[in-house]
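Asker: Please see the structure below; I have some questions.
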Amino acid sequence: MVKLNASAGQILLRCDGMRSMAQIVAELENAYATTGLAADVEAFLKFANDKGWVERVDR
Amino acid sequence: MSAKAAAFAPVTPPLWLVAELTYTCPLHCPFCSNPLDFAAQNNELSTADWIRVLKEARGLGAVQLGFSGGEPLTRNDLEELVAEAHALGYYTNLITSGAGLNEARIRNLQEAGLDHIQLSFQDSTREVNDFLSSTRTFDLKRRVAQLIKGHGFPMVMNCVIHRLNIDHVERIIDLALDIGAEYLELANAQYYGWALLNRDHLLPSRTQLERAEAVVAARRADLGNRLRILFVVPDYFEGRPKRCMNGWATTILCVSPDGTALPCQAARMLPNLAFPSVRTSSVREIWFESPAFNRFRGEAWMPEPCRSCPERIVDYGGCRCQAYLLTGDIGATDPACDKSPHHGIVLAAIAKSEQIREHPLRFRSPDNSRRIMEASGSRTDFE
């Protein structure tokens, strides 16, 4: 069992097979009134992909 | 929360509910985690009882649900329980031998919202698989694996590892790849209940273990993410105890077929704990207030050498069931630890496993369960 921290949870909540990486980043930046999250989100999603928690879907 | 636990960590809700729906199982594996006296337990919870337990545990915050047994597919209300659990928001996992899983049932389970399936094999060969389970199930399991992948379920292949199959680890990994499992759990046998009864047959030699570990390391490096291999710690050989169940009543709540609530599947044979029942107590009362669940929380209960050991926050003193089964003292340091004054018991077991076995494997069958109860009362002596 894996227990996510709050920011990881907020990222994975948005991984629904529909949103793009850019949309997820934009939503999070908007929700937390900040910028420059792209690198962190991408790094986490790469980690999550390696762990098998998410997979990339090409649309 | 008890005052004793406060110094260590606050009691948080259970995250993982293990629902042992039944002890009925067509397989007779001699390392089964069910209690030796399972044949005396025939008062299974009703569907309505289970639904109440699912709701109460989810209400406390449990998110993961394992349907286990016995063989949970022998309950014909499994689909109904999965549907209820799915509606409540659990991630649901079916832990099965494969026996009873056919096209109709897997379709119904999928419609009910089942998320994940763990399928057991006993070996990579038909001969050993069928010998150990006392059933002709190897080909059936292969067909069931196709059914599982055909329906797009994520699948864990589980194989209990011991002296009789540890040299097949390479081929067991190949089997997992062949059937399309995403995860392979190489579950080194844990010596409680039936596995302890048969320990002289099952405990591998140190050489066997080291060879298997080398194979696993090489294949992991080779396979990367194609297959994730979990190698359950063979604690007899580690010199340190396992962090059993992530700590007594910290994470996992196990409810056995008759409703007895336990911190783990093996714990019901522990003496003088009066484990509460979901028939008479709410899950909240059981988890937060029952003396049995609070008994080994925190560190106030710990004896030396744990009490002054810096690693007590890593392994929580190891496993209470193992401490009791090997030393007779439920509150002792787990003898798997080489700091335990009883560690010699574990070393002697390893030494003994190298010798010729004097009596045959005892399979987990209702007849053997009753025979053991008649011969020994409540507890079997393994010394």
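Asker: If we count every other residue with Cβ under 13 angstrom of B:Ala212's Cβ, Lys/Arg +1 and Asp/Glu -1, where does the sum land?
Answerer: +2
Asker: Here is a further query. Whole-Hz Karplus ³J(HN,Hα) for the range B:56-63, in order, using 6.51 cos²θ - 1.76 cosθ + 1.60 and θ = phi - 60°, x for Gly and Pro?
Answerer: 5, 5, 5, x, 6, x, 5, 10
Asker: Sorted by mean Cβ packing within 10 Å, highest first, what order do the peptides A:1-9, B:94-102, B:47-55 take?
Answerer: With the highest mean Cβ count within 10 Å placed first, the list reads B:94-102, B:47-55, A:1-9.
Asker: Let me check I've understood the local charge: for B:Ser308, count other residues with C-beta under 11 angstrom from its C-beta, Lys and Arg +1, Asp and Glu -1. What total comes out?
Answerer: 0
Asker: Given the DSSP H assignment, sum -39500 (n - 2.57) over each helix run of at least 4 residues in chain B and divide by its residue total; what's the result at 222 nm in deg cm²/dmol, nearest 500?
Answerer: -10000 deg cm²/dmol
Asker: Can you give the alpha-carbon Rg of the range B:111-184 over 2.2 N^0.38 Å, where N counts its residues? Present the calculation step by step, with values, prior to reporting the outcome.
Answerer: On the way: Rg = 12.3 Å, N = 74, 2.2 N^0.38 = 11.3 Å.
For the range B:111-184, the normalised Cα radius of gyration is 1.09.
Asker: Below 8 Å, C-alpha to C-alpha, sequence gap of six or more: please give me the relative contact order for chain A in percent.
Answerer: Averaging sequence separation for qualifying contacts and normalising by length gives 27 percent for chain A.
Asker: Give me P(r) over the range B:217-323, computed from all C-alpha to C-alpha distances, binned every 5 Å, as integer percentages.
Answerer: With a bin width of 5 Å, the distribution comes to 2, 11, 19, 18, 15, 12, 10, 7, 5, 2, 0.
Asker: I need the phi-derived Karplus couplings for the range B:98-110: 6.51 cos²θ - 1.76 cosθ + 1.60, θ = phi - 60°, integer Hz, Gly and Pro marked x.
Answerer: Those phi angles translate into x, 5, x, 8, 10, 4, 5, 6, 5, 5, 5, 5, 5 Hz.
Asker: Summing +1 for each Lys or Arg and -1 for each Asp or Glu, what net charge is found among the other residues whose Cβ lies under 13 Å from the Cβ of B:Arg243?
Answerer: Residues close to B:Arg243 contribute a combined charge of -1.
Asker: Along the positive direction of the dipole of the range B:29-104 (beta-carbon charges: Lys, Arg +1; Asp, Glu -1; about the Cα centre), which of B:Tyr91, B:Ser46, B:Gly69 reaches farthest?
Answerer: B:Tyr91
Asker: Given a cut-off of 28 Å, what percent of all Cα-Cα pairs of the range B:1-147 lie beyond it?
Answerer: 28
Bear in mind that the values in this text are calculations on the coordinates, not laboratory data. Computed from a prediction, not measured in an experiment: that's the story for all the values here. Cβ: placed from backbone, ideal geometry, glycine included. Neighbour counts: every protein chain shown.
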